[in-house]
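Read through the structure below, which is laid out as structure tokens, and then see the notes.
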Amino acid sequence: MVTSTASIREFVESAPVCLQSATLAEVINLMGRHQADRLVLVNERQFPIGILHAHSLLAHAHCFEETDLEPLIQPLPTIEDSIDVFEIDFSNPLRYWAVLDRAAQFVGLIDSFALRSWSEFIQANLPKPIKRSSESLWHRAKIDNCAELERVPRLRLQFAELGYEAKSDRKSALIQFLEHLPLPLMLQTQAGEVIAQNRVWTEQLGDVADSAWLQRDAATVLDYTSSIGAQSGAANLCQIGSAPNSCVCVCPLKSGQERILQFAKIPLGELFSEQSSIESDSAFRLAAFDRETTTLDRVAEESIWLVLAQDVTEQRQLSRELAAKNADLIQLNRLKDEFLACISHELRTPLTAVLGLSSLLKDQLSGTLTTRQVRYAELIHRSGRHLMSIVNDILDLTRIETGQIELTLYSVSLNSLCQRAIEQAQQICLEEENPETRTNLEATAGLPSCVLEIESGLEALVADELRLRQMLVHLLSNAFKFTDSSGRVGIRVNRWEGWIAFTVWDTGIGIPSEKQHLIFQKFQQLENPMTRRFEGAGLGLVLTQRLARLHGGDISFVSRENQGSEFTLLLPPTHPQPTNSLANLRVKTSVDNRLILVVEAVVKSIELLSEQLAELGYRVVIARSGTEAVEKARRLQPCAVFLNPLLPTLSGWDVLTLLKAEPETREIPVIVTGTRGDRDQAQRNQADGFLALPIVQKSLQQVLNQLTPDEVSTVSIVEPTSQTLVILRLSPTRYGELNRLGNPAAADLNTLLHSQNYRVVEADDLDQAELLAQVWKPNIVLLDSAVPDPIGYLRLLGDCSFLASLPLVTLDPVTTQAANQVAGLSVFPCLAPVSETSEALLQVIQVAAGFAWRPFVLAIDSLKLRSPDANRSDWLQAAMQYLQTAGFRGMIARSWQDVLQKLDTQSIDLFLLHASDLDQSSLSQLTALKRFREKIAIVIINHQPENTPLLETIATVVLPPMPMEELLDRVNQILAD
């Protein structure tokens, strides 16, 4: 143990000081004189007020007189110089502390981070007494007296004498200030004259192999002048950066390696001018990186720009690695889903045999067994049923996640549905406890009582009855399972602000607060797997949530440990119709909609805010994570969102940004609930309101009255906003690989597309592109040139339903010729060299995008109903070509299953069936079209008049064979109606 002492004065560092009344110009000048990156502000009594860092002054270097230093001053903890180093409490997180003498006057600074490391090292490794100076291991500068201390009383006199009357002092002060910053910086005029380049700029740009080439390409992006932009005909090194007025350049070095630099231009205004404003119509021109600096007196009447070069090589490399890993994870997730689906199918076959044979044994249908043998057979049968239930849940979940499950929608009686769900859940719980009760439906004495309440006038809704009952059974079986026989379970059905709410409640053991955010994750159990009493794989609630979202709804819950839980399943009265989002109008009533989304992770806060909102007459839905909040806001469209920034997985600030960025949610008011220190950040992030925790009922009422006035019931229709054009760029060769080979034809198109405010989504393979197409809903597909084996590749693209339905823009003759040979693709070629005539590509994209917004016609021949391998009808192919010539989008489906999938998942305006030879089996399949009549126009060209009465019950209109001109007129008339 260290027994010696060490004076704090041994570790004091000098720092320039000035009075707190000093101006920004005086501060910068003092820093430049002492070549320091920090400065301490003191009052008249020489007591430290705070510390200023050079990096915080950079953004204000162009407005010396107007800048208020108060917001830039950071607090400075104080410590007496008489304290022993080993007695210091290092709990304060700030790095620099001010050392005071006995008169409470400033002596100097200490670096608490370095001092703490030194102290820990000494106490751990040097048990011997410490010598005061020679063995301190402190390599920083040591001083007994701070030279600046003697100058403090004279600072105000010196400032008065200087007066800052000469403008050259300001110029030289700024140049000295830039010289001591650790970032590569260049000061230049608007016309491209170099004023100053600091040392770091010279060092980093000096390693570039061809600085002139780099400057020319960076100027192409930053200048936006035709004269400079046309200079380079080779492949560009630079592209537009994500930040405004920035570009990112790949810089070849003299050593043969590459460095990625991000250049940003920052306007400093007429910094060196005597006038307050100078009118200038000239454009910005980037200065040459190796040009000689100009004299200061030549730039008196010019606007000044600061150019910053930042090395982002590691960030870009990390970004590429993350993108590659993300693609790999998507592929692995898809393989996982396929594996689970395959395993589930393979397990069901032997399990069916096990269940059948064990049932014969336990019922003694194949011979008499002993009591022990019957018990064994019942155990086998019970375990097999449990395993079959898990396999079915895994299979259903996998099919939902891969989009392979289809809903069969009919009008469902609510009373009958709930009664059957209660009976089925009770029977499942009884079988788990005693298999002998399987045939005894009255043996419910050991279960808690169950209550069913259905709001009057609420009789039916449109849903998949089997899947809806499956959701209710999962919720009810959990309620019965975790509730004692003396408790109560219930299901309540009522209207919730335009939704149908199924609320399953119980008085059971509840869910611990630390487990609540895990409820909707796969294979999560509330108990220790080694000691738990209840069976289950942890898939029931996950499957319920996925099925609810498949119906267009969602699920929420509240729970208190040892008091019970309440799960609310929200479903639309009718299944939502997939429509074009560009033409979709969202109707929002400020009075009728009293559904509020509370985004909070703390259970007590959830309970308190939910009770306060319920007292004010609002319905409450809970989200416990950021991703869940975004999903529920999109689906449920609440009248307001109460958001706590402290959330797991995705922070509340990120959630707020996403909600305000998306057209579907940007109109929803968001109220941030946090500490008072979060108020400013909430305003910066465009929050609609703020409530400090703990929330007061009166303040809550005031905020809600402002957001949802209830004096008059007004209906506001939110007009569709013009969305950004989304382009899916498909690159069979990995992004950037051709550029590295020096291929000028593979010039990066992102700069051009971003300049038009297009959103570009990139994919390397077709599986990834198909997935991205389903998520982003792009308007067109842009296929890069130099596709290996174009005909084979495009045939694979034609098998991808989402990609094949989109307009395809091609960039070279070989790919275009191959695309025209693949049936079903809408090809828009751009054969002009993109690097020379970029306008040609933009025009093709606009034409293709306009084509994407035209009505979509899906067609099939009746022969495909009997055999997917049947040849296509010549009449149908001619009709589709005629409709496409008239301005429609069209696709001929490959099979009947392909038709049903596209009608369920894509925006189809009209379905055309060419019925030439219908048998009874085909007519039976066509009855599935009845559920699409309300949202899609169904036209049947019937060659068999005897089938017309039956087809009229299925189709919007049944037409006889007719000329193409008449067919086009009837199609336009049907779509207009």
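The values are calculated or read from the model by the stated rules, or taken from the named source; none is laboratory data. None of the values given here were measured: they were computed from a predicted structure. Every residue, glycine among them, receives a Cβ derived from its backbone with ideal geometry; neighbour counts consider all protein chains shown. To get the accessible areas, we keep the full protein, side chains included, count just its heavy atoms, and leave off ligands, DNA and RNA. Shrake-Rupley method; radii C 1.70, N 1.55, O 1.52, S 1.80 Å.
Computed quantities for the displayed model
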| read-out | value |
| --- | --- |
| Nonlocal amide H pairs with Leu806, under 5 Å, H built at 1.01 Å | none |
| Estimated FRET transfer efficiency (Glu321, Leu183; beta-carbon r; R0 22 Å; 0.05) | 0.30 |
| Estimated FRET transfer efficiency when R0 is 60 angstrom, pair Leu796-Ala36 (beta carbons, to 0.05) | 0.40 |
| Equivalent-ellipsoid semi-axes of the range 8-124, from the Cα gyration tensor, Å, largest first | 28, 15, 11 |
| Cross-link pairs Lys660/Lys777; Lys604/Lys632; Lys632/Lys777; Lys481/Lys515; Lys336/Lys632; Lys515/Lys632 - those with Cα-Cα distance over 29 Å | none |
| Cα-based convex hull volume of the range 856-976 per residue, rounded to whole Å³ | 95 |
| Difference of contour (0.36 nm per residue) and Cα-Cα distance, Ala114 to Asp764 | 229.2 nm |
| Projected label distance in nm at Gln881 and Ser921, using a 7 Å step from Cα toward the beta-carbon | 3.2 |
| Per residue accessible area of the range 8-124, 1.4 Å probe, in Å² | 46 |
| Segment Leu550-Lys660, length gained on full extension (0.36 nm per residue, minus Cα span) | 37.1 nm |
| Projected label distance in nm at Arg933 and Thr948, using a 7 Å step from Cα toward the beta-carbon | 1.8 |
| DSSP-defined antiparallel bridges as percent of all bridges, the range 866-977, nearest 5 | 0 |
| The range 895-911 residues near the modelled Glu401 label - backbone nitrogen below 18 Å, point 7 Å along Cα→Cβ | none |
| Label-point gap, in nm, between Leu975 and Arg199 - each point 7 angstrom along Cα→Cβ | 7.0 |
| Computed lengthening from Thr349 to Glu631, 0.36 nm per intervening residue step minus Cα-Cα distance | 97.8 nm |
| Considering only the range 8-124, percent of DSSP beta bridges that pair antiparallel, nearest 5 | 65 |
| Computed E for His53/Val957 - FRET, C-beta separation, R0 60 angstrom, nearest 0.05 | 0.20 |
| Solvent-accessible area per residue for the range 894-977 (1.4 angstrom probe, square angstrom) | 47 |
| Sequence-distant residues sharing a close amide H with Gly890 (under 5 Å, placed H) | Val857 |
